[in-house]
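Okay, so here's the structure we're looking at.
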Amino acid sequence: MPFEYELRVRYGECDPQGIVFNANYLAYFDIAVTELWREAIGSWETMVERGVDVVVAEATIRFRRPARFDDVLALGAHVGSFGTTSMTTEIEIRRAGELLVDGRLRQVFVDAKTWDKTEIPGWAREALSPYAVT
């Protein structure tokens, strides 16, 4: 994966079975995307100040093995594709190299004031292109 971010599973993210509660994987996906964007573009606020934001239109998650309290997870991400107004980000969550969860987020670019769908700005496409896997 062109981008990787590590985090440690906190106790509050686990269910009574002692494994990460499934809904928290979407939060991990969000962390991966936010940190990839921070590296590529800067802070989220920087993007919004330039007049655009992104919203999640679709999320897909495949659970393979559970993560547990205190595991160190590697959140890997790359841009899967660019469309006219949306992009997909492919995400993998691993523990010591073992694939636990993988999935995809499709995000749509919107005008930061009106929330109307808008084309991906050239500056955003250019900044994110190094993270695309072809």
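The values are calculated or read from the model by the stated rules, or taken from the named source; none is laboratory data. The structure presented is a predicted model; accordingly, all values stated were derived computationally and were not measured. Please note: Cβ atoms are built from the backbone with ideal geometry, for glycine as well, and neighbour counts cover all protein chains shown. We work out accessible area using only protein heavy atoms, side chains counted, and drop any ligands, DNA or RNA first. Shrake-Rupley method; radii C 1.70, N 1.55, O 1.52, S 1.80 Å.
For the range 14-65, residues that are under 16 Å from the mean Cα position of the chain (by Cα), part of a helix (DSSP H, G or I) and charged (D, E, K, R) total 4. The residue that is farthest from Ala32 (Cα to Cα), among those in the range 92-131 that are aliphatic (A, V, I, L, M) and surrounded by fewer than 16 Cβ atoms within 10 Å (Cβ to Cβ), is Ala112.
Candidates in the range 13-48 are the residues that are closer than 19 Å to Ile120 by Cα and among the small types (Gly, Ala, Ser); of these, the one that is most open to solvent (accessible area, probe 1.4 Å) is Ser43. Looking across the range 1-13, just one residue is assigned to a helix (DSSP H, G or I) and of a type in the set (Phe, Trp, Tyr), and that is Tyr11. Summed over the range 85-128, residues that are closer than 30 Å to Arg64 by Cβ and more than 15 Å from the chain's Cα centre (by Cα) total 6.
Within the range 119-128, does at least one residue satisfy the condition of being of a type in the set (A, V, I, L, M), more than 17 Å from Pro2 (Cα to Cα) and in a strand (DSSP E or B)? There is no residue in the range 119-128 that is of a type in the set (A, V, I, L, M), more than 17 Å from Pro2 (Cα to Cα) and in a strand (DSSP E or B).
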